[in-house]
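Encoded as structure tokens, the structure appears first; notes follow it.
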Amino acid sequence: MKQLPAPTTAPKVLLALLAVVGITVAVVLSIQFFMGWRATPVDMIGLHYTGGPFEGQRFVGIVEPGSGNRFLGLQDQLALLPVTQRDYTASDDEGADGPPIVAPARGGVDMKFDVGAYFTLNTTADVARRFYERVCIKFECDSDDGWNAMLKVNFRRPIEQAIQQSIRDYTVNELYAGVPEGGAATDEEATAILERVQDQISADLKENINTVLGGDFFCGPTFDRGVGACPDFEFQITSATPISEAVRNAFNDNAASKQAVVTARNNAEAALAEAEGNRASQEAVQASLTPEYLRLREIEALNHCAENPNCTVVFTNGSTGVNVQTGSPG
């Protein structure tokens with residue numbers, strides 16, 4: 001009798017491999033399916049782009065802030081951009097977006113400025129799409145690091161130029177000490193100098209930045225998506241300080257000298273007022289020494305002495321005064 005060949009294990013191995021491949025594909029498709037569901041936070045606007053292998057990458061539409069989960073499609077992208085007020089700050093403070101802005105005042109004295117620019121991204125649908133495709137993709141600015149890199153490149157230089165242009169007509173005396181040319185300033189005048197610079201920069205900064213970027217991509221913090229108007233930025237200079245320590249010391253010494261003068265003047269006025277008060281008091285006393293007043297004092301002294309057996313009354317020359325002495329007569 002012929003012996004039958006042993007059954008081969010190849011079909012079993014093939015079936016096992018197909019099962020593994022099937023499970024792997026199912027897992028991958030499941031992951032992609034669940035990852036295809038996205039939502040937009042209330043402070044973000046979403047830009048939906050396709051990313052499938054067959055349809056290519058194209059813009060689908062805007063996803064409004066606060067929208068719930070939706071299925072975007074396999075490999076689709078939802079880029080998130082902020083709809084809230086943003087800022088760019090330059091100072092030595094920890095957490096600032098960059099170091100202070102350095103610019104020369106009139107006369108060539110270098111000063112450093114701590115500043116803040118406050119703005120909002122223009123998130124009307126067509127503008128937001130153009131911003132993302134022309135500017136944002138380059139920096140991947142839908143991430144925190146990418147957003148900060150975009151601001152560093154596109155905001156800092158226009159701010160530097162705006163400050164350089166705005167302060168070139170002001171001296172370090174005006175910007176640091178708040179003292180206008182030709183005399184001392186009141187508190188209101190000192191504040192008004194930096195306010196004028198701020199107002200001038202606020203009016204120009206939006207236009208300068210948007211011109212560099214090639215579109216009306218940024219507006220002031222009061223921007224309203226429903227209205228569409230694009231107001232100016234808010235800009236604030238929190239300090240303006242000479243870089244040179246010698247210059248700062250000179251201003252501080254000058255301020256100390258002025259304060260010393262004020263203190264000396266106040267002390268002199270106080271001493272004068274005290275002297276005038278003493279003189280007026282003495283004049284009042286002298287004015288009260290009338291003959292009638294002196295006669296009254298004599299009568300009071302006599303009455304008092306009459307009550308004391310050991311009392312002696314002595315009248316001075318001309319009866320201009322009376323002296324009451326008590327004690328045993330000698």
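Throughout, read-outs are computed from the coordinates displayed, never taken from laboratory work. As the structure is a computational prediction, the values presented were derived from the model and not from experiment. Neighbour counts are summed over all protein chains in view; Cβ atoms, including those assigned to glycine, are modelled from backbone coordinates with ideal geometry.
Extension gain for the segment V153 to I137, taken as residue separation times 0.36 nm less the Cα-Cα distance, is 4.4 nm to one decimal.
The length gained by stretching the chain between Q85 and V60 to full extension, at 0.36 nm per residue less their Cα-Cα distance, is 6.4 nm. Projecting the Cα positions of M150, V102, F131 onto the charge dipole of segment 35-176 (unit charges on Cβ atoms of Lys, Arg, Asp and Glu, taken about the Cα centre) puts F131 furthest along the positive direction.
Going by average Cβ density within 10 Å per residue, which order do the peptides 136-145, 155-164 take, highest to lowest?
Highest-to-lowest ranking by the protection proxy: 155-164, 136-145.
Estimated from the Cβ-Cβ distance and a Förster radius of 45 angstrom, the FRET efficiency linking R70 and R106 is about 0.20. Sorting 91-97, 207-213 by their mean Cβ neighbour count within 10 Å, with the most densely packed peptide first, gives 207-213, 91-97.
Ranked by the mean number of other Cβ atoms within 10 Å per residue, highest first, peptides 122-129, 233-240 order as 233-240, 122-129.
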